[in-house]
1. Any residue in region B:70-84 that is more than 30 Å from residue B:122 (Cα to Cα), of a type in the set (Asp, Glu) and either out of contact with any His (no Cβ under 7 Å at 6 or more places or on another chain) or in a helix (DSSP H, G or I) (or both)?
2. Go through the residues of region B:46-54 one by one and say whether even a single one is out of contact with any strand residue (DSSP E or B) (no Cβ under 7 Å at 6 or more places or on another chain), modelled with pLDDT of 90 or more and on the phi < 0 side of the Ramachandran plot.
3. I'd like the full set of residues that are at pLDDT below 90, charged (D, E, K, R) and surrounded by fewer than 24 Cβ atoms within 10 Å (Cβ to Cβ), limited to region C:54-108.
4. Any residue in region B:82-106 that is closer than 14 Å to residue B:8 by Cβ sitting within a Cβ distance under 6 Å of a residue that is of a type in the set (Val, Ile, Thr)? List the pairs, counting only those 6 or more apart or interchain.
5. Testing residue C:159 on (1) at the interface with chain A (Cβ under 9 Å from one of its Cβ atoms); (2) out of contact with any helix residue (DSSP H, G or I) (no Cβ under 8 Å at 6 or more places or on another chain), one condition comes back false. Which one is that?
6. Need the failing condition index for residue B:126 against (1) crowded, with 18+ Cβ neighbours inside 10 Å; (2) touching a Lys or Arg at 6+ places or on another chain (Cβ under 9 Å); (3) more than 8 Å from chain C (Cβ to nearest Cβ); (4) aliphatic (A, V, I, L, M), just the number.
7. When you look at residue B:190, is it more than 18 Å from residue B:64 (Cβ to Cβ), crowded, with 20+ Cβ neighbours inside 10 Å, more than 20 Å from the chain's Cα centre (by Cα) and more than 8 Å from every other protein chain (Cβ to nearest Cβ), yes or no?
8. Among the helices (runs of 4 or more DSSP H) contained in region B:129-226, which hold 2 or more residues that are within 16 Å of residue B:72 (Cβ to Cβ) and of a type outside the set (Val, Ile, Thr)?
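The values are calculated or read from the model by the stated rules, or taken from the named source; none is laboratory data. Fair warning: this is a prediction, and the values are worked out from it, not measured in the lab. Here the Cβ positions follow ideal geometry from the backbone for every residue, glycine too, while neighbour counts run over all protein chains shown.
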Amino acid sequence: MAARAPGCFADRPLVSEAGMAGSWVLFGYLVAYGALAIYAGHQAYRLRRARRRLPPEI
Amino acid sequence: MTPSAFWQQVRWVFTKDLRVEVRGGVTLRMATPFAALALLLAPLATGTDTALLRRIGPGMLWLVVILFGMTVTLRSGAREPGPVRDLLTLSGLDPAAGFLGRSLASAVLLFGVTLVLTPLMIVLYAPEGRPGWGWLALLAVAGVMALGLLGSLVATLVTGLRERTALGPLLAIPLAVPVLLATARGTDSAISQQGSLSWLLLLVAMNLALVIVGVLLAGPMDETTR
Amino acid sequence: MSPATRSSTCRRPDTMTRETATLHPRSRAITSTGVAALCLMATGLYMAATAPDEETQGEAARLLFVHVPSAITAYIALGAGLVTAVWYLIRRSPAADLVSAAAIEVGVLFTAITLLTGMIWGRFVWGVWWDWGDARMVSTAVLFFFYLGYLALRRSISDPRVRAVRCAVLGIVGFVQVPIVHYSVLWFRTLHQGPSIIRPDLANSTMDAAFVAPLGAALAAFIAILAYLVAVRVRLARLEAAVDRAASTSQPVGASVGPPSGLSV
């Protein structure tokens, strides 16, 4: 099974031993792609706002 | 410009900055007591376990020198206030000479802070072992020099910004990690009577890199502070 | 009217002519990059989901299909940011500054993703979120904070020329310092811990083809996402600069400030 790095707490249970592997992988993917989606969404919002603010008369 | 004229300019800026410190005394009267206070308070946070304090003493000293010293170098390494800056520009000061002079003056101030704090750390934390003082002196000189150069570089970048007191440390401290590691770990090695050559070489490399970058970029940086 | 056409008609003719002429092909290119990134992302996710379990880590290895590509993409982005910073100092081209800033901002995002997924993987495999023995983790965190400082410096300078020069200088200082920081942290670890740590790392094992394919697909997807986000960020920076210029020229200072309603003078 997975090795523990030196300095880790020996009394901590490894998640991989607790049989919750799938949900942790999902959590990781959610964090990564969620961060990308939030950033892209924020950019899109700012882009739209900037376009709206460009005064039409010039 | 001839090399001797360049170094004369460096010396002018250096003595000017030290004279400002002698007359104003901000480092001696404010920054150093503040840093000493941090050394006094740290054991209250970690718990006054003597064995632990013995072990962390040298590291705490350098952490305090870097965190509080950075406020010193960011202030003393900053570009001069408007009229002085204009005068220096008009008198044809080489930006690189100005940068080196400010960095050297900051390094001397930081060395002073370190000199004051070291006996205090020994008294408060009672670190074990008999250190090799030669190694410690070399590490300290190389360490404060790197901090001085880094502080002057970053101080120039935040010149005139409203956020400079918050922004300066954020920019400088991550880059000062090698100084912290080299001085703290090097001190550990010196105390346990092993040489600290590798850590010293790291600091020398860092100093060289900072001098080259600082001198090469002094011109472009200078033009943004006028 | 579509947003693209409206923005192009809003431009001031004197300063924006060149950009107006190239806006349509450019925005189409950005959109197609985005679509390609989405397709690659879907492929990468499918391949990651259908890859076999790794021998020692089981399911955990799937996290590396997002962790490793995001780390490589972060390096590419930060590297591009530095090259363009140097380019700016040589040529003083405002476009180089905009690209540099955009690349570094997106690079910081990918660095954050690398750190977060690394921490989740570590909690999963080592049992702790943070491992002080892992030099790369510590040095990546330092790198992350340094570039947060870079972004903060950018935000706090309003003059575009001063901002461009100072940020380029900071980028170059970081470029020189970051390897030193990295190796010092590496050194810190080797001086303090045993030289060899056996751990289930991709670098320690020859990778099976079953893992190379999803990793490559994810990397391609992330690089496409990087290109898309940087392009959008540059375009946003241009638009916002145009808005600022328009605001400062068309409206006298204080024009939007009036007396409170209901106040009789």
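1. yes
2. Checking region B:46-54: not a single residue is out of contact with any strand residue (DSSP E or B) (no Cβ under 7 Å at 6 or more places or on another chain), modelled with pLDDT of 90 or more and on the phi < 0 side of the Ramachandran plot.
3. Hits for region C:54-108 are C:54, C:55, C:59.
4. B:96/B:215; B:97/B:10; B:98/B:13; B:100/B:10; B:101/B:10; B:101/B:13
5. That leaves (1) as the condition not met.
6. The one condition residue B:126 does not meet is (1).
7. So residue B:190 passes the test.
8. Qualifying helices (runs of 4 or more DSSP H): B:133-157, B:164-175.
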